[in-house]
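> First, the structure itself, so that you have it in front of you.
The values are calculated or read from the model by the stated rules, or taken from the named source; none is laboratory data. Model, not experiment: these values are computed from the prediction. Methodologically, a virtual Cβ is constructed for each residue, glycine included, from the backbone with ideal geometry; neighbour enumeration extends over all protein chains shown. The protein model used for the area step is the full one, side chains on, heavy atoms only, and it has no ligands, DNA or RNA in it. Shrake-Rupley method; radii C 1.70, N 1.55, O 1.52, S 1.80 Å.
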Amino acid sequence: MSLQIYNTLSRKKEVFKPLHPTHVGMYVCGPTVYGDPHLGHARPAITFDIVFRYLQHLGFKVRYVRNITDAGHLENDAEVGEDKIAKKARLEQLEPMEVVQYYTLRYHQAIEALNCLSPNIEPRATGHIIEQIEMVKQILENELAYETNGSVYLDVNKYNEKYPYGKLSGRNLEDTLENTRSLDGQDEKKSPVDFAIWKKAAPEHIMRWPSPWGEGFPGWHLECSAMSSKYLGDTFDIHGGGMDLVFPHHEAEIAQSNACNDCDPAKFWMHNNMITINGKKMGKSLGNAVNLEQFFTGNHDLLERAFAPMTIRFFILQAHYRSTVDFSNEALQAAEKGMAKLMNAYETLEGITVSDSSTYDLAELKDKCYAAMNDDFNTPILISHLFDGVRIINSVKDGTEQLSANDLDDLKQLFQTFVIDILGLKPNKEEAGNDLTNELMDIVLQLRSKAKENKDWDSADLIREELNKLNIQVKDGKEGSSWQLKN
RNA sequence: GGUCUCGUGGCCGAGUGGCUAGGCAGCGGUCUGCAAAACCGUGUACAGCGGUUCGAAUCCGCUCGAGACCUCCA
């Protein structure tokens, strides 16, 4: 079975075929760096990290581009708006690029903690002003945009005569027209549906660049069009982002690309769903967002305690990327325990004894795992199959199931591939101590064994309880005691 | 108001015309000095009302409820 991906454009799953047999180009909308990264930012980062990892596992050479938006998004409407970055800078008395730098680093730290691989290219809007200006010039030349008072607007009605506007979000121009809210200062536009691809900068606007139309800044959606075509070509394989970007952002991107290059930017449009909290979308503007750092430290009213980055990752992966996932302490704690079970089994795999034959069909498990991923990256199904593997691992350890040496190798390979390489999970706990710690623990456990031999349960229990307070869990097995750090 | 999505057992969350994922919690058991862990067993859930069908949680219609987008948002 080959990889199928749900394409927002067609609203169905399609067999994934890259434009070039061996290479895949993927562009994902990154963050606007004017605030701390929150749980909502983790979703696309993780979703497309999985896509990136799996495509590479399948043998594709992937170029993954994720932008940093550090200019161009307006706070309000086009006319009276103020650049988000500039507003924050003014409020904090900082240089705009200082704000950008700070929050870019914060974003990187949080996303790295979630074990997301770095994109191959992470372009910034402010570093591609020239490319954006060139794009505006081309669209003007193609007569699908017009200039008014130093601003340039895409002429959506004219565009719609040649290309269908609204095909990604499933709307037609009439509906869009009817439902466009009346904003102030629309008089520069021929039609309310037109959108700015270049905006004249007001005198107080500090992020500004010279252009053929005077001092200004690029329109809301232009950076992604300019940067994706620069690094991936005018048409590339996958464009990703959050569902909330479908309209107008991605719709505008499609329009800009067609207006400029006479082609759609991407073959596949992938959109991750939202994370909700009490059933409502978690969003900065809604005031219910929880920063990733707050999750890691537990420092938030909604959080009963801290949660490790890997718990967040597992929590998100337990839902399919196109479904909403509802945040709660209870759900997070369930994820934490589930992941611990999975990772413990992964470690148990190392100390397992083999038999002459197997009582379990490993090939079938492997097929199921691939089938799950091939079905539009269905990580929850994959995880459910991996828990089947967990049961086998623990049963083999208990002696109620057997694995041959070959099958054990395959199972190790399977867990390495899917748990570590593709899902990108890693044990929460620190590497289990250095040599000194290990030797000390050997001594402690020896002492405890002596106590147990002497039926000195008080001493044995005391040692166990005290170690427990140090976050060390002692487990008594048939072949002696072992220990591990708790999460 | 327009467009669209969704409503699954205590919680989270897959699936989707018949074979009834998975995790967490609960209950019973095995193991253990006791624990922990693990393993075994256990829940007959799919908002409501109609319709299609031999058969629907899954298809269609209606009702109720929730949410998303239409404005920056991941």
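> If I filter region A:302-309 for residues that are under 24 Å from A:Asp49 (Cα atoms), assigned to a helix (DSSP H, G or I), touching a helix residue (DSSP H, G or I) at 6+ places or on another chain (Cβ under 6 Å) and not assigned by TED's automatic domain parsing to the domain that holds A:Arg106, do I get at least one hit?
Yes.
> Please note which helices (runs of 4 or more DSSP H) are completely contained in region A:403-487 and include at least 3 residues that are at pLDDT 90 or above and away from RNA strand B (no atom under 16 Å from the Cβ).
Helices (runs of 4 or more DSSP H) meeting the threshold: A:405-415.
> Is it the case that A:Gly424 is over 16 Å from A:Glu350 (Cβ atoms) and either among the aliphatic types (A, V, I, L, M) or open to solvent by less than 50 Å² (accessible area, probe 1.4 Å) (or both)?
So A:Gly424 fits the description; yes.
> Looking for whichever is under 26 Å from A:Val28 (Cα atoms) and in contact with a Gly (Cβ under 6 Å, 6 or more places away or on another chain) here; the options are A:Ala86, A:Ala125. Which one fits? Give the steps one after another, and end with the answer.
Details: A:Ala86 fails: in contact with a Gly (Cβ under 6 Å, 6 or more places away or on another chain).
Exactly one residue qualifies, and that residue is A:Ala125.
> Moving on. Determine, yes or no, whether A:Asp407 is under 23 Å from A:Leu58 (Cα atoms), among the charged types (D, E, K, R) and open to solvent by less than 40 Å² (accessible area, probe 1.4 Å).
Judged against the criteria, A:Asp407 is a match.
> Let me ask another. Looking only at residues that are in contact (Cβ under 8 Å) with a residue 24 or more places away in the chain and not in a helix (DSSP H, G or I) in region A:118-137, which one is most open to solvent (accessible area, probe 1.4 Å)?
The extreme case among them is A:Asn120.
> Restricting the search to region A:265-300, which residues are more than 12 Å from RNA strand B (Cβ to nearest atom), touching a Leu at 6+ places or on another chain (Cβ under 8 Å) and open to solvent by 40 Å² or more (accessible area, probe 1.4 Å)?
Selection gives A:Lys267, A:Gln294.
> Could you grab me the full set of residues in region A:343-355 that are in contact with a helix residue (DSSP H, G or I) (Cβ under 6 Å, 6 or more places away or on another chain) and either assigned to a helix (DSSP H, G or I) or within 15 Å of RNA strand B (Cβ to nearest atom) (or both)?
Residues satisfying the conditions are A:Ala345, A:Tyr346, A:Thr348, A:Leu349, A:Ile352.
> Against the conditions (1) within 22 Å of A:Ile422 (Cα to Cα); (2) without any contact (Cβ under 8 Å) to a residue 40 or more places away in the chain, where does A:Met343 fall short? Just the number, please.
Failed condition: (2).
> Next question. Answer with yes or no whether A:Asn115 is surrounded by fewer than 21 Cβ atoms within 10 Å (Cβ to Cβ), in the same structural domain as A:Leu222 (by TED's automatic domain parsing), out of contact with any Ser or Thr (no Cβ under 8 Å at 6 or more places or on another chain) and not in a helix (DSSP H, G or I).
So A:Asn115 passes the test.
> Picking from A:Phe314, A:Phe327, which residue would you name as being open to solvent by less than 40 Å² (accessible area, probe 1.4 Å), in contact with a Gly (Cβ under 8 Å, 6 or more places away or on another chain) and closer than 23 Å to A:Ile275 by Cα? Lay out the reasoning, then the answer.
Details: A:Phe327 fails: in contact with a Gly (Cβ under 8 Å, 6 or more places away or on another chain).
Just a single option satisfies the conditions, and that option is A:Phe314.
> Scan region A:64-76 and give yes if some residue there is at pLDDT 95 or above, part of a helix (DSSP H, G or I) and open to solvent by less than 10 Å² (accessible area, probe 1.4 Å), otherwise no.
no
> Take region A:315-344 and flag every residue that is aliphatic (A, V, I, L, M) and in contact with a Phe, Trp or Tyr (Cβ under 8 Å, 6 or more places away or on another chain).
Residues satisfying the conditions are A:Val325, A:Ala331, A:Leu332, A:Ala335, A:Met339, A:Leu342.
> Sort through A:Ser395, A:Ser358 and tell me the only one that's touching a helix residue (DSSP H, G or I) at 6+ places or on another chain (Cβ under 8 Å) and not aliphatic (A, V, I, L, M).
A:Ser358
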